[in-house]
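The values are calculated or read from the model by the stated rules, or taken from the named source; none is laboratory data. These figures come from a predicted structure and were not determined experimentally. All Cβ positions, glycine included, derive from the backbone under ideal geometry; neighbour counts span all protein chains shown. These area figures cover heavy atoms from the full protein model, side chains too; ligands, DNA and RNA do not enter into them. Shrake-Rupley method; radii C 1.70, N 1.55, O 1.52, S 1.80 Å.
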Amino acid sequence: MKILIIGYGITGKALYDYFKKYQHDVYIYDEKKLKIKNYYSYAKLEKDLPLFDLGIKSPGIRFNNEKFLLIKSLCLKIMSELDFAFSKMEKSYVIGITGSNGKTSLATYLNHFISKKKTTYLAGNIGKPLISLVDQIKKNDVVILELSSFQIQDCENIYLDELFYTSLSPNHLNVYHYLKLYYADKKRALLFIKSNKIYCLNNSKKIIGYPSFSIKKDFTKQIKKYLIGRYSIEYCNIAMNYCLNLGFIDEELLLNLKLLKPVEYRLNYLGQYHNLFFINDGKSSTSSSSKYCFDSFKNKKRILILGGNHKSSSFNVIKVTKNDEILIYGHDKNIINQQLSGKLFSTLEEIFLYLKNIKDKRYILFSPGCDSHDQYSSYLERGKHFNQLVEKYFGDKHE
């Protein structure tokens, strides 16, 4: 079989590793020039017009992309990575999680607690492509699948045994022509679930139309010892209550709560460095997630760092006080500045040179609210760089 992997990011690389094991005739297309075997540039595809039995598309490639239209004609069949992975995976129990904000947190917490009694796999938009796990997944295992709107749009043949919606707010408006198209892709996930196990959290109930998850016991007081941020605490509470329904008892949940690690680059408290308190919320890619981070530290003197590729609704939803300061960097700093006035910088490191001169007590909130790809390969690289800059400029003053 002659296969074309369409897009060579995290998903494309996982697909390539999978097919190498089975010795298929595999080719790769990516807009970036790659120095690897069997790479096709668009110019070479256009020149040679090679035909493929199967094309597997990464979720970042849009259907209306002009180059994709040519690729589609050259492939007998096009599948999403998730559709292909489900076709190769043993029947297991799949919990889908989607939303605009909070889906990674909820998926992480569910995986943490459920894994204490069952074999679980955390995959999807969270950063681990499902195809990289299909050879390990067995019958009765639990797959916790984080779904982006783009992944849902691409799918035709996945199945979900349960589905959580965390929250819904304007997002990816640099790609979707209008907001309802984005919400429609989110709602499309309902096509893949046949049960009534659908739970809407926060404002998603209004848009999706299903009831909230029922909380039997409130663990908020205990969770606050380990997590910060209202939604992080809420989603952890939901995960613990979900496990109560599986037969967990309070004592074992509270014991496992102590072992819970915060979601990487989601409201991570780095500590106090001299007079500054650093919070790394580098996973933030929407104005609503920046607002959530900002509001989590009310009654504090806050410095909010925004920047990157603007892709969501306006930042004027963030309400600042006279004690707050906004610092903006990156590709779309001028656009953001029109919505929420602040000081402008080219890079994150320039901001740290500015922070070195701050004398009074401040909470430094790194919650960019934008896509990271103007200067970083991913939010993971962006979050890591922030931590490195804290150590570089303030590490010697750690208290």
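Does the range 32-48 contain at least one residue that is more than 25 Å from residue 134 (Cα to Cα), touching a Phe, Trp or Tyr at 6+ places or on another chain (Cβ under 8 Å) and open to solvent by less than 30 Å² (accessible area, probe 1.4 Å)?
Looking through the range 32-48, at least one residue is more than 25 Å from residue 134 (Cα to Cα), touching a Phe, Trp or Tyr at 6+ places or on another chain (Cβ under 8 Å) and open to solvent by less than 30 Å² (accessible area, probe 1.4 Å).
Hey, residue 193 hits all of (1) over 24 Å from residue 93 (Cα atoms); (2) touching a residue at least 40 places away in the same chain (Cβ under 8 Å) but one; which does it fall short on?
So the condition that residue 193 fails would be (1).
List pairs: first residue in the range 376-393 and within 14 Å of residue 268 (Cα to Cα) and modelled with pLDDT of 95 or more, second residue open to solvent by less than 30 Å² (accessible area, probe 1.4 Å) and of a type outside the set (Ser, Thr, Tyr) anywhere in the structure, Cβ distance under 6 angstrom, at least six positions apart or on different chains.
Listed by first residue and then by second, the contacts come to 382/282; 383/280; 383/282; 386/280; 386/282; 386/366; 390/278.
Looking only at the range 342-356, decide whether some residue is among the polar types (S, T, N, Q) and at pLDDT 95 or above.
Yes, because at least one residue in the range 342-356 is among the polar types (S, T, N, Q) and at pLDDT 95 or above.
Take the conditions surrounded by fewer than 17 Cβ atoms within 10 Å (Cβ to Cβ) and of a type in the set (Asp, Glu) and apply them to residue 374. Does it pass? Don't jump to the end; show me each part of the working.
Working: surrounded by fewer than 17 Cβ atoms within 10 Å (Cβ to Cβ): yes; of a type in the set (Asp, Glu): yes.
In short, yes.
What are the pairs with Cβ atoms under 6 angstrom where one residue, in the range 17-31, is in a helix (DSSP H, G or I) and the other, located anywhere, is surrounded by 14 or more Cβ atoms within 10 Å (Cβ to Cβ)? Sequence gap at least six, or different chains.
So the pair list comes out as 18/131; 19/26.
Output the number of residues of the range 291-325 satisfying the condition of being of a type in the set (Gly, Ala, Ser), touching a helix residue (DSSP H, G or I) at 6+ places or on another chain (Cβ under 7 Å) and touching a residue at least 60 places away in the same chain (Cβ under 8 Å). Spell out how you get there, then give the answer.
Quick first cut of the range 291-325, residues of a type in the set (Gly, Ala, Ser) only: 296, 307-308, 312-314.
Within this subset, residues satisfying the condition of being touching a helix residue (DSSP H, G or I) at 6+ places or on another chain (Cβ under 7 Å) are 296, 307, 312-314.
Narrowing further to those that are touching a residue at least 60 places away in the same chain (Cβ under 8 Å): 296, 307, 312-313.
Residues meeting the conditions: 4.
If you go through the range 150-162 one residue at a time, do you hit one that is surrounded by 20 or more Cβ atoms within 10 Å (Cβ to Cβ) and β-branched (Val, Ile, Thr)?
Yes, the conditions are met somewhere in the range 150-162.
Check off (1) crowded, with 24+ Cβ neighbours inside 10 Å; (2) assigned to a loop (DSSP other than H, G, I, E, B) for residue 108 and give me the number that stays unchecked.
(2)
Any idea which of 159, 235, 176, 182 is closer than 19 Å to residue 123 by Cα, within 19 Å of the chain's Cα centre (by Cα) and of a type in the set (Ser, Thr, Tyr)?
On the way: 159 fails: within 19 Å of the chain's Cα centre (by Cα); 176 fails: closer than 19 Å to residue 123 by Cα; 182 fails: closer than 19 Å to residue 123 by Cα.
Residue meeting the stated conditions: 235.
Just checking, how many residues over the range 327-362 are out of contact with any strand residue (DSSP E or B) (no Cβ under 7 Å at 6 or more places or on another chain), hydrophobic (A, V, I, L, M, F, W, C) and surrounded by fewer than 16 Cβ atoms within 10 Å (Cβ to Cβ)?
2
Output yes when any residue across the range 126-143 is at pLDDT 95 or above and among the small types (Gly, Ala, Ser), and no when none is. Step through it out loud before you land on a result.
First pass over the range 126-143, keeping only residues at pLDDT 95 or above: 129-138, 141-143.
Now drop any that are not among the small types (Gly, Ala, Ser), which leaves 132.
Taking every residue of the range 126-143 in turn, at least one turns out to be at pLDDT 95 or above and among the small types (Gly, Ala, Ser).
Looking at this structure, is residue 227 in contact (Cβ under 8 Å) with a residue 24 or more places away in the chain and within 20 Å of the chain's Cα centre (by Cα)?
Considered against the rule, which asks whether it is in contact (Cβ under 8 Å) with a residue 24 or more places away in the chain and within 20 Å of the chain's Cα centre (by Cα), residue 227 comes out as yes.
With the condition kept exactly as written, say whether any residue in the range 81-96 is within 22 Å of residue 4 (Cβ to Cβ), at pLDDT 95 or above, crowded, with 18+ Cβ neighbours inside 10 Å and among the β-branched types (Val, Ile, Thr).
There is no residue in the range 81-96 that is within 22 Å of residue 4 (Cβ to Cβ), at pLDDT 95 or above, crowded, with 18+ Cβ neighbours inside 10 Å and among the β-branched types (Val, Ile, Thr).
Just need a number here: residues in the range 250-298 that are surrounded by fewer than 19 Cβ atoms within 10 Å (Cβ to Cβ) and part of a helix (DSSP H, G or I).
7
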